[in-house]
Amino acid sequence: MENNKATLGEFIIENQKHYKSTTGEFSRLLSSIKLAAKIVNHEVNKAGLVDIMGAAGATNIQGEDQQKLDVYANDVFMKTLINREIVCGVASEEEDDFVTICGKDGSNQNKYVVLIDPLDGSSNIDVNVSVGTIFSIYKRVTPIGAPVELKDFLQPGNQQVAAGYVVYGTSTMLVYTSGYGVNGFTLNPALGTFYLSHPEFRFPENGKIYSINEGNYVHFPQGVKDYLKYCQEEKEDRPYTSRYIGSLVSDFHRNMIKGGIYIYPTSFIGPKGKLRLLYECNPMAFLAEQANGTASDGYGRILDIEPTELHQRVPFFCGSKNMVAKAEEFMAKYP
Ligand code: AHM
Ligand code: MG
């Protein structure tokens with residue numbers, strides 16, 4: 001079956017036709033992400049073997065320190081991008097500040113910066129539930145050759161060149177967009193090759209799944225409380241189904257296939273929400289819009305928010321167009 005499916009490598013090369021003059025820099029960058037994803041996948045798949053290999057954070061039977069998987073994933077993605085000198089800067093959810101990348105002569109002729117959440121939802125690892133890597137790519141706004149600056153990373157999401165995620169689930173998939181739709185590639189672990197398995201993902205415009213941590217209900221804004229009551233009402237095609245994995249990539253991935261809405265709102269305990277604009281919301285919002293979905297902070301488009309800091313948090317409403325629009329209707333009653 002796989003013989004007539006494009007591999008991710010082939011697809012990336014084929015996709016170069018969208019760009020008038022191409023240096024191959026972007027393709028090499030995506031290939032680096034693909035490589036790091038395979039390395040992390042290999043380690044995540046062994047997570048259940050803690051009794052044999054030694055628990056993360058402890059020392060294993062050979063006397064080697066076992067890194068926590070989120071730290072490990074961060075190291076792999078950072079080192080892959082830095083050592084290959086494929087970008088001019090990287091920022092990670094795991095690190096306080098961005099990293100400037102310079103070649104051996106101190107300069108760097110690359111034009112892209114990457115923002116990454118190396119292992120999102122990592123609290124799910126111990127219970128064998130899917131986790132993911134989320135990435136976001138921009139062209140730098142400062143001149144090529146100079147060290148990158150904060151403003152290269154603080155660009156609104158509508159400037160993204162590409163974004164994607166890897167979901168380490170029952171299968172491992174890499175899903176990405178470079179502004180020409182969203183395509184999904186499944187890893188054949190025996191061959192170590194990603195194959196195009198889900199061409200042109202599209203959110204159904206209507207859905208019947210809502211995903212939210214309802215345990216925080218008492219802390220939610222009134223608009224969200226009212227929307228949840230609407231979802232649970234017995235009327236028309238409702239009540240909807242509640243599905244919450246607590247792993248953004250997995251909840252998003254399911255909702256994109258089946259139709260649904262993911263919400264992480266503000267609350268009294270998290271007045272700005274929990275999710276990070278640059279590492280989580282912007283890339284997922286770009287993917288959502290490219291797949292016929294939408295993403296909002298409850299009042300407006302996520303991709304139009306002007307970031308002010310690297311680790312900024314925002315409320316997040318994302319998924320099927322009509323569901324997000326309905327949630328916004330409820331939010332608008334409490335501006
Ligand atoms: P993390 O970046 O610390 O892993 O947190 C992000 C995760 C998302 O994947 C998930 O949707 C959300 O946090 C779950 O949060 P909660 O446990 O509060 O529902
Ligand atoms: Mg995260």
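Where a number appears in this text, it was derived from the coordinates with a stated rule and is not lab data. In this text the structure is predicted, and so the values were computed from the model without any measurement. Cβ coordinates were reconstructed from backbone atoms using ideal geometry, including for glycine residues, and neighbour counts include every protein chain displayed.
Just checking, does the range 314-325 include any residue being farther than 20 Å from Leu115 by Cβ and assigned to a loop (DSSP other than H, G, I, E, B)? Among the residues of the range 314-325, not one is farther than 20 Å from Leu115 by Cβ and assigned to a loop (DSSP other than H, G, I, E, B), which makes the answer no. Considering only the range 106-162, how many residues are on the phi > 0 side of the Ramachandran plot and polar (S, T, N, Q)? Of the residues in the range 106-162, 1 are on the phi > 0 side of the Ramachandran plot and polar (S, T, N, Q).
In the range 292-317, which residue that is among the small types (Gly, Ala, Ser) and surrounded by 21 or more Cβ atoms within 10 Å (Cβ to Cβ) is nearest to ligand 1 (Cβ to nearest atom)?
Once the filter is applied, the top-ranked residue is Ala295.
Going by what's in this entry, would Phe185 be described as surrounded by 13 or more Cβ atoms within 10 Å (Cβ to Cβ) and either of a type in the set (Gly, Ala, Ser) or not in a strand (DSSP E or B) (or both)? The answer is no for Phe185. Condition test on Val167, is it in contact (Cβ under 8 Å) with a residue 40 or more places away in the chain, over 21 Å from Arg313 (Cα atoms), surrounded by 15 or more Cβ atoms within 10 Å (Cβ to Cβ) and within 16 Å of ligand 1 (Cβ to nearest atom)? Criteria met by Val167.
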